[in-house]
Amino acid sequence: MPKSPRYRNLRQGIAGRVAGFVHDWSLPRQLAGQNVKSKAAESELSRSLRPRLEQADAVGTSICPFCAVGCGQLVYAKGGRPLHIEGDPRNPINQGTLCPKGSSTLGVLLSPQRINKVLYRAPHATEWEERPLEWAMDRVAALTKQARDDTFVETLPDGRIVNHTLGVGSLGGATLDNEENYLIKKLFAGGLGIVNVENQARI
């Protein structure tokens, strides 16, 4: 019974792929005595592979943002856009390694769901609106000062000097290291008189 053209084309395609594989297979060349460290071990696929970071035109250092350990990272970029992030082998903390969270830094950085602008919702409003970063920083500073001034206590009823406020608090994140926590404590407690200074540390 004659085979259909589709069947013949399929057989020819499979035969061509098998022949190409056998021709490209490095094992016969190695069995023939060619050095495995030479091009005898190469294939068409391996010759076409390129280093994943070859396109990068700049590399910079960074710190992983996910916890207070402070693992060093190398950030490879092209045209100002990150291509890859890996551990920095020169960093004495992680010595080139990254945990699963640190390894996902690039995905978080380039995620289309990442919010990279200031969104503000006015009191009783139902919609968010974009605002400049400078406006947001000035508003945070003004509201912090207003809350501190409105609730600042210089002395207790018994005459003891306290110079503190209970109307403002600070809750630090787990990405803050010891040095940052030290500065926060000095600014908030020593400078602004804030009593409620806490840190949500996981490590």
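Only the coordinates and a few stated rules stand behind these numbers; no lab work does. Since the model is a prediction, treat every value here as computed from it, not as a measurement. Note that we place each Cβ from the backbone using ideal geometry, even for glycine, and neighbour counts take in every protein chain shown.
Here are the numbers:
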{"item": "By average C-beta atoms within 10 angstrom, highest first, the peptides 69-77, 116-124, 137-145", "result": "69-77, 137-145, 116-124"}
{"item": "Under the Karplus curve 6.51 cos²θ - 1.76 cosθ + 1.60, θ = phi - 60°, whole-Hz ³J(HN,Hα) for segment 148-163, x wherever Gly or Pro sits", "result": "5, 5, 6, 10, 6, 10, 8, 9, 7, x, 7, x, 5, 7, 10, 6"}
{"item": "Prolate/oblate/rounded call for segment 70-170, Cα gyration tensor, a/c under 1.5 rounded", "result": "oblate"}
{"item": "Kirkwood Rh and Cα Rg combined as Rg over Rh, evaluated for segment 58-109", "result": "0.94"}
{"item": "Per-residue Cβ neighbour rank within 10 angstrom, fewest leading, I194, I63", "result": "I63, I194"}
{"item": "Under 5 Å, built H, 5+ apart or other chain: amide partners of H84", "result": "Y76"}
{"item": "Note, ³J(HN,Hα) from phi for segment 185-196, Karplus 6.51, -1.76, 1.60, rounded to Hz, x at Gly and Pro", "result": "4, 5, 6, 6, 7, x, x, 9, x, 7, 8, 7"}
{"item": "Inter-label distance for Q146 and H124, nm, one decimal - labels placed 7 Å from Cα along Cα-to-Cβ", "result": "1.5"}
{"item": "5 angstrom amide H check on C67, placed H, neighbours 5+ away", "result": "none"}
{"item": "Whole-Hz couplings from phi, Karplus 6.51/-1.76/1.60, listed for segment 80-94; x for Gly and Pro", "result": "x, 10, x, 9, 7, 10, 9, x, 8, x, 7, 6, x, 7, 10"}
{"item": "Estimated translational D of segment 118-199 in µm²/s (Stokes, Kirkwood radius over Cα pairs; 4 °C; 1.567 mPa s)", "result": "88"}
